[in-house]
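This report refers to the structure that appears directly beneath it.
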Amino acid sequence: MAGRLEGKVAVITGGNSGIGEGTGHLFAKEGAKVILMARRQEQGAEVEAAIKAEGGEATFIQCDVSDEASVNSAAEQAASVYGSINVLFNNAGGGARGNFPDETTEDFLRVLNVNLVGTMMMTRAMWPHLIAAGGGSVINMSSLAAQRGMSSRMQDEYGATSSSYWAAKAGVDAITRYMAGVGGRHNIRVNGVRPGQIMTPGATRGTINDPDGGHHAFEKLFNLVQAVQGPGYPVDVANLVLFLASDESRFISAEIINVDGGCASKG
């Protein structure tokens, strides 16, 4: 089925690599006019050019989702490019190296600002444009970290992302449900996705383009708990985001869906 986003304008934060980049390509192939946002200008411009080379429509706007002025400016630019906004994918995020109780307050707040506060600010800035378009779809990037814990032994043997990342993604889940309740009267649906072992540049050790050389940072843990063996890839998440962005999911809101190979021990 082609053209699932025909005539729609979609904003993707963190659109310069990984899941955001893959989603941008998929959205454009399905007929969307794609607006990519990220901090790194050169990478963003490269993704824009690659989408255009495939025959799609794309525009890159530099934006730091943790900075309110940058978010508001980027939102206004985005609304003026194609005249409306129909889809927002809050994909930008990241963690820190430290962990509780050693993680610094500075790092903790930085991670919350990028993942949680950034999701709130970008959605708030886009909200009036979604209303003006007659409604739309917001998809927030969460994580399996939002719904489960780890024992000391698991952390010692397999490692874990920073405590700030877990807290931020749990907040993303909560605000997703809250936003969905507010958005209903405006025909705005808000959902989330929780990736597991996905081979992105930020999570991969080795070479991502070499299936034999690259591996996920938490490969051993995921392989222990997954029902489906092996890693996932950005397109696996992008396919779900496409469904949630399209009219095919018109009766789905306030849901956060896992893309994790069927991990056991869900919270």
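The values are calculated or read from the model by the stated rules, or taken from the named source; none is laboratory data. Predicted model only: the values in this text are computed from it and were never measured. Counting neighbours? That spans all protein chains shown, and the Cβs are built from the backbone with ideal geometry, glycine included.
I'm checking my understanding of the structure. Among residues of segment 211-233 that are within 25 Å of MET150 (Cβ to Cβ) and in contact with a Ser or Thr (Cβ under 9 Å, 6 or more places away or on another chain), which one is modelled with the lowest pLDDT?
Going residue by residue through segment 211-233, those that are within 25 Å of MET150 (Cβ to Cβ) are 214-233.
Okay, now just the ones that are also in contact with a Ser or Thr (Cβ under 9 Å, 6 or more places away or on another chain), so 214-218, 225, 231, 233.
Details: GLY214: 70, HIS215: 66, HIS216: 66, ALA217: 60, PHE218: 64, VAL225: 69, PRO231: 84, TYR233: 89.
Checked segment 211-233; the qualifying residue modelled with the lowest pLDDT is ALA217.
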**Message:** I need the full set of residues from segment 100-111 which are of a type in the set (A, V, I, L, M) and surrounded by fewer than 18 Cβ atoms within 10 Å (Cβ to Cβ), in order please.
**Reply:** LEU109
**Message:** Need the failing condition index for GLY18 against (1) farther than 18 Å from TRP127 by Cβ; (2) buried (at least 24 other Cβ atoms within 10 Å of the Cβ); (3) in contact with a helix residue (DSSP H, G or I) (Cβ under 7 Å, 6 or more places away or on another chain); (4) not β-branched (Val, Ile, Thr), just the number.
**Reply:** (2)
**Asked** Given the conditions (1) at pLDDT below 75; (2) within 27 Å of LEU88 (Cα to Cα); (3) surrounded by fewer than 16 Cβ atoms within 10 Å (Cβ to Cβ), which single one is not true for ASP247?
**Response** (1)
**Prompt:** Could you say whether any residue in segment 141-153 is out of contact with any Leu (no Cβ under 7 Å at 6 or more places or on another chain), buried (at least 18 other Cβ atoms within 10 Å of the Cβ) and modelled with pLDDT of 95 or more?
**Reply:** yes
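Somewhere in segment 29-44, is a residue assigned to a loop (DSSP other than H, G, I, E, B), small (Gly, Ala, Ser) and over 20 Å from VAL138 (Cβ atoms)? Talk me through it step by step, then tell me what you get.
Of all residues in segment 29-44, those assigned to a loop (DSSP other than H, G, I, E, B) come to 30-32, 39-40.
Among the residues that remain, those that are also small (Gly, Ala, Ser) are: 31-32.
Filter once more, keeping what is over 20 Å from VAL138 (Cβ atoms): none.
No, segment 29-44 has no match at all.
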**Request:** Report whether or not ALA170 is surrounded by fewer than 21 Cβ atoms within 10 Å (Cβ to Cβ) and either modelled with pLDDT under 75 or not in a loop (DSSP other than H, G, I, E, B) (or both).
**Result:** yes
**Item:** Residue count for segment 103-134, restricted to those that are in contact with a Phe, Trp or Tyr (Cβ under 8 Å, 6 or more places away or on another chain) and modelled with pLDDT under 95
**Value:** 0
**Prompt:** Taking the condition of a type in the set (A, V, I, L, M, F, W, C), farther than 18 Å from ALA78 by Cα and touching a Ser or Thr at 6+ places or on another chain (Cβ under 9 Å), does ILE19 pass?
**Reply:** yes
